[in-house]
Amino acid sequence: MARAVTPQRKAINTAAAWAVGLLIFFPILWTILTSFKTEATAIADPPVFLAFDWTLENYGVVMERSNYGRFLWNSIIIAGGSTLLGIIIAVPAAWSMAFVPSKRTKDILMWMLSTKMLPAVGVLYPIYLLFIKMGLLDTKFGLVIVLMLINLPIIVWMLYTYFKEIPGEILEAARMDGASLKEEVIHILTPMAVPGIASTILLNVILAWNEAFWTLNLTAAKAAPLTAFIASYSSPEGLFYAKLSAASTMAIAPILILGWFSQKQLVSGLTFGAVK
Amino acid sequence: MSLKNALRAATALTVLTTSATFAETLTIATVNNGDMIRMQGLTDDFTAKTGHEVEWVTLEENVLRQRVTTDISTKGGAFDIMTIGMYETPIWGANGWLVPLDNLSEDYDVADILPAMAGGLSHDGTLYAAPFYGESSMIMYRTDLMEKAGLEMPDAPSWEFIRDAAAAMTDRENEINGICLRGKAGWGEGGALITAMSNSFGARWFDMDWNAQFDTEAWANTLNFYKGMMDASGPAGYATNGFNENLSLFQQGKCGMWIDATVAASFVTNPNDSTVADSVGFALAPDNGLGKRANWLWAWALAIPAGTQKQDAALQFIEWATSKDYIELVAAKEGWANVPPGARISLYENPNYQEVPFAQMTLDSILSADPNNSTVEPSPYVGVQFAAIPEFAGIATEVSQEFSAAYAGQQTVEEALEKAQALTNDAMEAAGYR
């Protein structure tokens, strides 16, 4: 029997949830506010919250100086491409681990995850040399491959967790009705795991969008995504905080909008199977 | 069509075809500093003159350093021109990673480059990078606060004067700190300041056998003086302040004095950004009567990596960007105060530039720094605020972390120096110097 929640308790919980939410969102809000300030107001002490002369000048300067469209397009291709490729590879891998596990399945899963523990800089030179040899330096294709490989363990783990929640009997029934392996995965398993796959896609798009080590180190002018766009406004010798904030706001806006509109799917996917 | 017209048309067509055939697209890696951004905005002038297009890769200084080091050491060829500093140039030149700039045109007038800059950007007498702008460090101070304290800043003050003036100018109630200095960990941040300062106290990083010298009295004097003065007259949390934090404090009127890069002079005197623009004076970095001042020497320079396939076009760009004509171009478009400073002798002979309030002090500061003879006692390295050896960046970053911990009160100065001595000797032994 569910416990009764008093209105006071509900109000406290709501207020606490809002407080935590605002606390987490505050750095983003501050970045957005700073982007509308002048450089002098941006460094004012004490800081000015809302009572300042709002200006769009920083956005104008950023748009004039940088080819935002190209950076954005590169980010879309790299984040989308790496996620899509990862899903195509991870769905069959997670299916086999969830429904036809071997003695070593758990070890393989742990090993896959352990690759995430290696500091990226430790393999920078080998990967860089490989990229030179294969002509992949400063190409979107090269970054799609690298980011797919980096995020593949997470994709496989997430899908494996979702697939484990799906009763194996349903797949057995499909097999008894004559479904081939391909039909079983595409027509039975995948539709049932749509919330899980959707949240995996969203999470990996976010991870790939924000990835700033490989995207900075393996690109120059042609394939550089929005992480390089932000980095171009950071300076240890000069106060360009307002312009940096404008560039950051422009870089995170697409992913914030995507997250806002898909929050329902994201939450339902992340809590999939959490309550039985 | 007459024969004459036909010939004219054919010639024009040939010129157009030739320039189209040889027109290249150069990829240039650079930092996000004001002068570099200005250069990006003027690139059309270069394209109009040569037909070559330019693609810019602008990165934060530390990211750029890592990015270009990876590329040049693997001969990746991602960039046709790199913006590098005085620290990397002689090391990379010695490694054969850079194209020697020994065939610059006569019009370029290579003899016009300030000797201190040319020397710091050369290896074995060969120039490997052309200075885009050069800088030293100097004292920027509030003339109104100095007057209020009843003091007059000499052109070449001593550390003792600076300490006493800082104490006299400090007004905690009104949030005015007598002096703001870098304390942030990092070889190019607090590490640069304390190394330049140590030179004036008679300290050095290594003796002639590459033994660390942090166990000497000169280093103890340097750190104790710095910490004593900053604890008494510096801003709260100075151990984490770098260039930008101090610039912000100074522009808001919260520093009586600030010893830092000469390029900051144009920021603090710009009324759009600085609340104290009309009351800033300049003086040489302090000394201790030992013959060395506490100012550094640095240049952001343009170099051609050995891996590029577009050497000729890259050289054309470097000649354009570091030429006398480029300085004239910037002056015409943005005024003389905004031209890239510290690279050419002729700039300081120009009467228009002599009217810029910080021009002469910048030149004097640059001229008083000698990268080949930066310490009181002899040292085996080149460089004022660094030692031009590949291991220095890593070692100095660790050493400056120990120093910052001492500034923050997490350990004593003696402990910090002991750790610095041990880690430096260990690293130098591992690298085969000892």
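Of note:
- Residue match in the stretch B:389-396 (condition: within 16 Å of residue B:187 (Cα to Cα) and either without any contact (Cβ under 8 Å) to a residue 12 or more places away in the chain or in contact with a Ser or Thr (Cβ under 6 Å, 6 or more places away or on another chain) (or both)): yes
- In the stretch A:166-201, the qualifying residues are those that are under 20 Å from residue A:84 (Cβ atoms) and among the small types (Gly, Ala, Ser), and the one that is surrounded by the most Cβ atoms within 10 Å (Cβ to Cβ) is A:196.
- Verdict on residue B:406 being under 20 Å from the mean Cα position of the chain (by Cα), in the same structural domain as residue B:281 (by TED's automatic domain parsing) and in contact (Cβ under 8 Å) with a residue 60 or more places away in the chain: no
- Residue selected from the stretch A:231-245 under the condition closer than 13 Å to residue A:38 by Cβ and either of a type in the set (A, V, I, L, M, F, W, C) or without any contact (Cβ under 8 Å) to a residue 60 or more places away in the chain (or both), by the criterion surrounded by the fewest Cβ atoms within 10 Å (Cβ to Cβ): A:239
- When residue B:83 is tested against the conditions (1) touching a helix residue (DSSP H, G or I) at 6+ places or on another chain (Cβ under 6 Å); (2) touching a residue at least 60 places away in the same chain (Cβ under 8 Å), the lone failure is (1).
- Helices (runs of 4 or more DSSP H) contained in the stretch B:315-395 and holding at least 3 residues within 21 Å of the chain's Cα centre (by Cα): B:324-334, B:345-349, B:359-367
- Residues of the stretch B:375-395 classified as closer than 15 Å to residue B:203 by Cα and of a type outside the set (Val, Ile, Thr), total: 9
- Listed by first and then second residue, the pairs linking a residue in the stretch B:38-66 that is more than 13 Å from chain A (Cβ to nearest Cβ) to a residue that is outside any helix (DSSP H, G or I) and at pLDDT below 95, with Cβ atoms under 7 Å apart and 6 or more places separating them unless they lie on different chains, are B:51/B:23; B:52/B:23; B:52/B:24.
Every residue, every condition in (1) in a strand (DSSP E or B); (2) at pLDDT below 95; (3) in the same structural domain as residue B:326 (by TED's automatic domain parsing), yes or no:
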site: B:20; (1), (2), (3): no, yes, yes
site: B:28; (1), (2), (3): yes, no, yes
site: B:37; (1), (2), (3): no, yes, yes
site: B:46; (1), (2), (3): no, no, yes
site: B:54; (1), (2), (3): yes, no, yes
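Rundown of residues vs (1) over 16 Å from residue A:244 (Cβ atoms); (2) among the small types (Gly, Ala, Ser); (3) in a helix (DSSP H, G or I), yes/no style:
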| residue | (1), (2), (3) |
| --- | --- |
| A:11 | yes, yes, yes |
| A:24 | yes, no, yes |
| A:30 | no, no, yes |
| A:41 | no, no, yes |
| A:76 | yes, no, yes |
| A:80 | yes, yes, yes |
| A:101 | yes, no, no |
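- Residue check for residue A:215: touching a residue at least 60 places away in the same chain (Cβ under 8 Å), in contact with a Leu (Cβ under 8 Å, 6 or more places away or on another chain), within 14 Å of chain B (Cβ to nearest Cβ) and assigned to a helix (DSSP H, G or I): yes
- Options B:265, B:301, B:232, B:283: the member that is part of a helix (DSSP H, G or I) and away from chain A (no Cβ under 14 Å): B:232
- Residue count for the stretch A:58-85 satisfying the condition of being within 15 Å of residue A:248 (Cα to Cα) and surrounded by fewer than 16 Cβ atoms within 10 Å (Cβ to Cβ): 4.
- Taken over the stretch A:231-242, the criterion of being at the interface with another protein chain (Cβ under 9 Å from one of its Cβ atoms) and either touching a Leu at 6+ places or on another chain (Cβ under 7 Å) or part of a helix (DSSP H, G or I) (or both) is satisfied by A:231, A:232, A:233, A:234, A:239, A:241.
- Those residues of the stretch B:403-415 which are under 15 Å from residue B:219 (Cβ atoms) and crowded, with 23+ Cβ neighbours inside 10 Å, in sequence order: B:403, B:406, B:407
- Of all residues in the stretch B:53-70, at least one satisfies being among the acidic types (Asp, Glu) and over 22 Å from the mean Cα position of the chain (by Cα).
- Helices (runs of 4 or more DSSP H) contained in the stretch B:89-197 and holding at least 2 residues of a type outside the set (Asp, Glu) and over 27 Å from residue B:376 (Cβ atoms): B:143-148, B:159-169
- Failed item in (1) more than 24 Å from residue B:335 (Cβ to Cβ); (2) assigned to a loop (DSSP other than H, G, I, E, B); (3) small (Gly, Ala, Ser), with residue B:274 passing the rest: (1)
- Which numbered condition residue B:326 fails, given (1) more than 30 Å from residue B:25 (Cβ to Cβ); (2) aromatic (Phe, Trp, Tyr); (3) in contact with a Pro (Cβ under 9 Å, 6 or more places away or on another chain): (1)
- Scanning the stretch A:209-245 for residues that are at pLDDT 90 or above and more than 21 Å from the chain's Cα centre (by Cα) yields a count of 9.
- Matching residues in the stretch B:268-280 - criterion: being more than 10 Å from every other protein chain (Cβ to nearest Cβ) and among the β-branched types (Val, Ile, Thr): B:268, B:269, B:276, B:280
- Residue satisfying all of: in the stretch A:75-132; under 17 Å from residue A:218 (Cβ atoms) and of a type in the set (Val, Ile, Thr); nearest to the chain's Cα centre (by Cα) among these: A:78
- The stretch B:235-250, subset crowded, with 23+ Cβ neighbours inside 10 Å and touching a residue at least 24 places away in the same chain (Cβ under 8 Å), residue farthest from the other protein chains (Cβ to nearest Cβ): B:238
The values are calculated or read from the model by the stated rules, or taken from the named source; none is laboratory data. All of these numbers come straight from a predicted model, not from anything done at the bench. All Cβ positions, glycine included, derive from the backbone under ideal geometry; neighbour counts span all protein chains shown.
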